[in-house]
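Down below is the structure, laid out as structure tokens.
The values are calculated or read from the model by the stated rules, or taken from the named source; none is laboratory data. Here the structure is a predicted model, which means the values were calculated and not measured. Every residue, glycine as well, gets a Cβ built from its backbone with ideal geometry; the counts of neighbours run over all protein chains shown.
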Amino acid sequence: MAEVQKSNELIGDIRGFGLLQAIELVKNPSTKEPINAGKLFGLISGPIASRGLWLVNCGRYGNVLRFMPPLTIAHDHFKNAIEIIVDVLNEHKDDLCE
């Protein structure tokens, strides 16, 4: 995820322990202004869920994606989940930054 953060300005911070990770999404990496929680929920319940990935948003502003895979997750499944997140964020970047 740290590699993805370098190329995606929506990702303001990545934190967590082991596989339990949180991805904070921001409109601007300099100001750390959070994206709209309702728009993020729309992505989670729409395009992300339709691709078979279940996530929850959390955090004070609702702008954090919580990623909690089972400890037995296969590497391919983990990689696919990250690709889904990145693809959807890239596809809807303009909507999230409004």
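Of all the residues that make up the range 25-81, how many are of a type in the set (A, V, I, L, M, F, W, C) and out of contact with any Leu (no Cβ under 9 Å at 6 or more places or on another chain)?
Total meeting the criteria: 5.
Is it fair to say Leu89 is within 16 Å of Met1 (Cβ to Cβ), surrounded by 16 or more Cβ atoms within 10 Å (Cβ to Cβ) and modelled with pLDDT of 95 or more?
no
If we only count strands (runs of 3 or more DSSP E) wholly inside the range 11-98, which ones have 3 or more residues that are hydrophobic (A, V, I, L, M, F, W, C) and within 10 Å of the chain's Cα centre (by Cα)?
Of the strands (runs of 3 or more DSSP E) lying wholly inside the range 11-98, those with at least 3 residues that are hydrophobic (A, V, I, L, M, F, W, C) and within 10 Å of the chain's Cα centre (by Cα) span 20-28, 64-67.
Restricting to the range 36-79, what's the tally of residues that are among the polar types (S, T, N, Q), free of Cβ contacts under 8 Å to residues at least 12 places away in the same chain and over 22 Å from Phe17 (Cβ atoms)?
Number of matching residues: 2.
Does Asn57 qualify as being out of contact with any Cys (no Cβ under 8 Å at 6 or more places or on another chain), among the polar types (S, T, N, Q) and closer than 18 Å to Arg15 by Cβ?
Working: out of contact with any Cys (no Cβ under 8 Å at 6 or more places or on another chain): yes; among the polar types (S, T, N, Q): yes; closer than 18 Å to Arg15 by Cβ: yes.
Yes.
Could you run through the range 62-83 and say how many residues are of a type in the set (Val, Ile, Thr) and surrounded by fewer than 16 Cβ atoms within 10 Å (Cβ to Cβ)? First the steps, then the outcome.
Narrowing the range 62-83 to residues of a type in the set (Val, Ile, Thr): 64, 72-73, 82.
Checking which are surrounded by fewer than 16 Cβ atoms within 10 Å (Cβ to Cβ) leaves us with 72-73.
Residues flagged as of a type in the set (Val, Ile, Thr) and surrounded by fewer than 16 Cβ atoms within 10 Å (Cβ to Cβ) within the range 62-83 amount to 2.
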